[in-house]
Amino acid sequence: MRKPILLAALLAPLSAIAPGAALAHVVAAPGEAKAGSYAAVAFRVGHACAAGDTTLKLRVEIPDAVASARPQPKPGWAVDIEKTGDRVTAVTWTGRLPDDQFDDFALLMKLPPLAAKDRAEVLVFPVVQTCAQGESQWSEIPDPERPDEKLTRPAPTVHLTPAAADPMPAMPGMNP
């Protein structure tokens, strides 16, 4: 599986396509967050790997640009945190989720700042969903050269938005 990456503005036009196309898959909710902030993002599992199957594990890879990631505990699920040094590289929840139910697996993350103020950026979180009868790798990344291409196993994404701008400074000669 490829390393999680941070994509630049080339993928911004895909933001309108990806959420609607991937609602039945593993998606990040919300799919948008302020750059440089702490954000709670849930990875929503809408179904098992195949009809009638049961999800047993969900492994979320954390992009290198994310400064920290802390999983939310889930009753009935064990959590395993993979690290390189102090940095969390992946989180795996292990439990049981029947196909006729959905669930959210949340992380509190310190998101990176934008590389350039005028560029949108996208964090990509490859996910492996392990089921009783197989596995689904939600790791496909849109190709900017083919924006209309339909992905069968798209990786969840979070679009970084600029932090709120400072309020307008006082105009010379105006009383506050």
Check: the range 47-83 to the range 91-137: how many Å between their Cα centroids?
Finding: 7
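How large, in Å, is the range 29-113 by the Kirkwood hydrodynamic radius built from its alpha-carbon pairs?
On the way: mean 1/r = 0.0734 Å⁻¹.
After inverting the pairwise mean of 1/r, the radius is 13.6 Å.
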Next item on the list: State the three equivalent ellipsoid semi-axes of the range 27-176, derived from the C-alpha gyration tensor as the square roots of 5 times its eigenvalues, in descending order and whole Å.
Entry: 35, 18, 14
Next item on the list: Please sort 74-86, 142-154 by packing, taking for each peptide the average over its residues of neighbouring beta carbons within 10 angstrom, highest first.
Entry: 142-154, 74-86
Notebook entry, point to check: For the range 48-98, how big is the tail of P(r) above 15 Å, as a whole percent of Cα pairs?
Noted result: 49
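All of the numbers you see were taken from the coordinates with simple rules; none came from a lab. What you are looking at is a predicted structure, and each value in this text was computed from that prediction instead of being measured. Positions of Cβ are generated from backbone atoms using ideal geometry, with glycine treated the same way; all protein chains shown enter the neighbour counts.
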